[in-house]
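The values are calculated or read from the model by the stated rules, or taken from the named source; none is laboratory data. Predicted, not measured: the structure shown is a model, and the values here were computed from it. Cβ coordinates were reconstructed from backbone atoms using ideal geometry, including for glycine residues, and neighbour counts include every protein chain displayed.
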């Protein structure tokens, strides 16, 4: 284990869809530009992934679609069960406590850890929100699962979060379909922050938005990161977004991590041919 | 016909293997208060939705020495109660009663009797819809996982939304409660008046859903916590000043019905009376004996 | 008033039963004999057996008579009767190939081994009402039967294998168009939904058993929706056969197979256009859907086969219900039992006055709340107006 400021240490994370065969490795991976074995049709979504995440840091995960970055994120989110590997977690509020392997927790503890210590924001709001509830109800969900039982207090907290995420608090009881795309991303962020999580997971959060709206949402995220020293895992296919927010970055291709390091270094001096391709094709 | 059809059937109608399965599932339900236990619900001569779940529980546990009471909406003489009692009586020969205090097994639809039940009594409730999560998750597979992980957040959001939209907890009956601090349970269409009777009670409560094929139970001395907020508490239907027009009770669940004025076709009035008719009758008898006129 | 009268309940029920009996007989016509129903209304009897999940033609005829022709009611009577019978044992697995066919067709190929046999089918009859049937006499019946006997005597072949045909599906297996049968037959007892409650996800035997006793109209609706676009169904009829199946059980002591009788049954197999590829196969294949009914139930057997195929595919792809409700196994199986569905839909006739009373109280409170809210809002507007003009 490394220096005490780490919050997450993932190693050996694997996820495949299909039975696998002895020849999979021969035909899949970045060198073959392929994720699916032609013999047994197994998709190797994530292969032997690992990284360290420090408190207060933003780690970017960049790659094209199908690279495995969302799979990796969802394994950290404890939503997709990993086939193998470890995710060691050290709770920032109790730095002297023993680290816990999140993948060894039972379903009940997983569910409650996820609700309490993690926050997630999806590209599409319907994945992170329930369109049948009000905006306030959506933001309240994590609080309610954490046993908040006073409606007055809950609503006060919701309004607080809405202000924090630059949403008009008087719209607390409105239906989500009356909100624009950018506003719904803010609602997701408000919901994610409601439990004061120690880690925020962001999955392509600006990829569906207009440039100007994108910029505002990114500004918000940057502000929250700065004010709360929030640890974040940020997935994007857009190097521009990564550059704005992530101090360190890992690059994925065909399920493998091909390069990792300081964002600035990677952008200036990419080592892996795929990273070079990415950097050169970015605006 | 010299032989009435019922004589061709087993004691309690369903066969012994079926009874055994039902009893095993009942035991499992008692061991996991509030948890829905699947059972292979048999088809009965009564239609699905009309009490087949409650019937199968009663058929599985009843023996020749039991004394049976059957009520519907609290009334022994309601047509459906009469019909179910008829089926049970003919296939078992047991003595039946309308007196709550004399019965060993009471099968009921939508009410818990007003007189508190004792530890030697069992109340069998008929359940139409089983899963309290159906409002937020109709898919059974996903709802089962939610129960397994105690993942009730969405149901609490539903309660929050009802407060926000209607100014109060909007659920009238089938009120969701947490049983023994663990499972969320649908209390069936009993009025909220009756919900807390399940809490810390002496008697055993068994819930049977024939069509949905589930059994659940609230054993004696089990905690029942209705879903509520600190600033929006669970309330019963109690209205101050309510009174039964027959027996004068002010502390029972009342229902209203329209009384037609035989002298004036356009006239008539609404009358409230106890839903628990046998309890009401007892009080009327007491009143008459004591020569107290009802208010 | 009926529902809450002190002593009226029992009398009301007995009177109601008497009235039902009266309505059935009031015309004064000759009482129907069970053999008449069994012989001349074979589809009504067949449907009662199917949805009643009990093969017993005379009991089914009785049920149809007692129910005055109401199909769901007749099935209900048989289901209830079935619950008092103890289950003795499952039969040995029966291959459809053992059927003595009266009818056997395939839409997949023009010519099939054994040939296409139309059999007793109304498919190509022109649907004009035949009022000769209105005055059918016993003599006419005798004449028809005698004529037919002569035809049979003349056409009877010496070949003992009358009515036995190989399966079209077996031919398809040889050509590797569909998945082969397992090399080792599965000797486990199939899931019995009458003995163990069905939970989801469920085994295919549980699904097929549920569908086999499902309401014909319901299965038809789902199958129809799935071929109209609300599903991934592109079926071709591999084979439809109707005839007599021998039933065999294992002797309790010696274990040898004993034939205990035969039932009339309809069996349908369809292949679906979608290609399925599994981990154990290297080549894509068609999907096979299976349908089965007691008696002669072609529409139901075909619907069931289509549904089986749609549900298998949806499950394999992990898409439940995405293309339509017919692709959602839980949705289909929970809503296709006619006895359950009709029972619950009809239960709204039962007294619900206690719950309604509770609903009324909630309505009162909601009204109060709305009234208070509008008052508050009016006050707010008034205050704001005041402040603005101040």
Filtering the stretch A:28-55 for residues that are surrounded by 16 or more Cβ atoms within 10 Å (Cβ to Cβ), away from chain C (no Cβ under 14 Å) and not in a strand (DSSP E or B) leaves a count of 4
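Could you tell me whether residue C:387 is away from chain B (no Cβ under 12 Å) and either modelled with pLDDT of 80 or more or surrounded by 16 or more Cβ atoms within 10 Å (Cβ to Cβ) (or both)? Lay out the reasoning, then the answer.
Working: away from chain B (no Cβ under 12 Å): yes; either modelled with pLDDT of 80 or more or surrounded by 16 or more Cβ atoms within 10 Å (Cβ to Cβ) (or both): yes.
Yes, satisfied.
Yes/no per residue for (1) assigned to a loop (DSSP other than H, G, I, E, B); (2) in contact with a strand residue (DSSP E or B) (Cβ under 9 Å, 6 or more places away or on another chain); (3) over 22 Å from residue C:318 (Cβ atoms):
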residue: C:172; (1), (2), (3): no, yes, yes
residue: C:181; (1), (2), (3): yes, no, yes
residue: C:184; (1), (2), (3): yes, no, yes
residue: C:190; (1), (2), (3): yes, no, yes
residue: C:193; (1), (2), (3): yes, no, yes
residue: C:198; (1), (2), (3): yes, yes, no
residue: C:201; (1), (2), (3): yes, no, no
residue: C:205; (1), (2), (3): no, no, no
residue: C:210; (1), (2), (3): no, no, no
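Residues are listed down the side, and each one gets a yes or a no for (1) within 14 Å of chain B (Cβ to nearest Cβ); (2) exposed (fewer than 10 other Cβ atoms within 10 Å of the Cβ):
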position	(1), (2)
C:141	no, no
C:167	no, no
C:170	no, no
C:178	no, no
C:187	no, yes
C:200	yes, no
C:208	no, no
C:222	no, no
Residue C:81 fails exactly one of (1) more than 30 Å from residue B:15 (Cα to Cα); (2) touching a helix residue (DSSP H, G or I) at 6+ places or on another chain (Cβ under 9 Å); (3) surrounded by 10 or more Cβ atoms within 10 Å (Cβ to Cβ), namely (1)
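Take the residues of the stretch C:83-107 that are farther than 27 Å from residue C:241 by Cα and assigned to a helix (DSSP H, G or I): which is modelled with the lowest pLDDT?
The initial filter retains those residues of the stretch C:83-107 that are farther than 27 Å from residue C:241 by Cα, namely C:83-88.
Of the ones still in play, those that are also assigned to a helix (DSSP H, G or I) are C:83-84.
Values: C:83: 84, C:84: 78.
Among them, the one singled out is C:84.
Can you report the number of residues in the stretch B:166-178 which are part of a strand (DSSP E or B) and within 14 Å of chain C (Cβ to nearest Cβ)? Reasoning before the result, please.
Quick first cut of the stretch B:166-178, residues part of a strand (DSSP E or B) only: B:173, B:176-178.
So of that shortlist, the ones also within 14 Å of chain C (Cβ to nearest Cβ) come out as B:173.
Qualifying residue count, the stretch B:166-178: 1.
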Here the residues within the stretch A:137-153 that are within 7 Å of chain B (Cβ to nearest Cβ) and free of Cβ contacts under 8 Å to residues at least 40 places away in the same chain are A:137, A:144, A:145, A:149, A:150, A:151, A:152
For the stretch A:121-136 the number of residues that are within 17 Å of residue A:185 (Cβ to Cβ), more than 8 Å from chain B (Cβ to nearest Cβ) and either in a helix (DSSP H, G or I) or out of contact with any strand residue (DSSP E or B) (no Cβ under 7 Å at 6 or more places or on another chain) (or both) is 8
Only one of C:327, C:366, C:346 is at pLDDT 85 or above, facing chain B (nearest Cβ under 8 Å) and surrounded by 12 or more Cβ atoms within 10 Å (Cβ to Cβ), namely C:346
Of (1) at pLDDT below 90; (2) more than 29 Å from residue C:290 (Cα to Cα); (3) part of a helix (DSSP H, G or I), residue C:24 fails just (1)
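Is it the case that residue B:203 is more than 14 Å from chain A (Cβ to nearest Cβ), touching a residue at least 40 places away in the same chain (Cβ under 8 Å) and either surrounded by 14 or more Cβ atoms within 10 Å (Cβ to Cβ) or under 12 Å from the mean Cα position of the chain (by Cα) (or both)? Steps first, please.
Working: more than 14 Å from chain A (Cβ to nearest Cβ): yes; touching a residue at least 40 places away in the same chain (Cβ under 8 Å): yes; either surrounded by 14 or more Cβ atoms within 10 Å (Cβ to Cβ) or under 12 Å from the mean Cα position of the chain (by Cα) (or both): yes.
Answer is yes for this residue.
Tally up the residues in the stretch B:272-284 that are facing chain C (nearest Cβ under 9 Å) and over 30 Å from residue B:163 (Cα atoms), please. Walk me through it before giving the result.
So in the stretch B:272-284, the residues facing chain C (nearest Cβ under 9 Å) come out as B:273, B:275, B:277, B:281.
Subsequent filtering for residues that are over 30 Å from residue B:163 (Cα atoms) retains B:273, B:277, B:281.
The number of residues fulfilling the criteria is 3.
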Going through (1) crowded, with 18+ Cβ neighbours inside 10 Å; (2) out of contact with any strand residue (DSSP E or B) (no Cβ under 9 Å at 6 or more places or on another chain) one by one, residue A:87 fails only at (2)
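Restricting attention to the stretch B:237-271, and to residues there that are within 18 Å of residue B:190 (Cα to Cα) and more than 9 Å from every other protein chain (Cβ to nearest Cβ), which single residue is modelled with the lowest pLDDT? Spell out how you get there, then give the answer.
Pass one, the stretch B:237-271, residues within 18 Å of residue B:190 (Cα to Cα): B:237-239, B:251-256.
Checking the rest, the ones that are also more than 9 Å from every other protein chain (Cβ to nearest Cβ) come to B:238, B:251-252.
Working: B:238: 80, B:251: 90, B:252: 92.
Step by step, filter the stretch B:237-271, then rank; the result is B:238.
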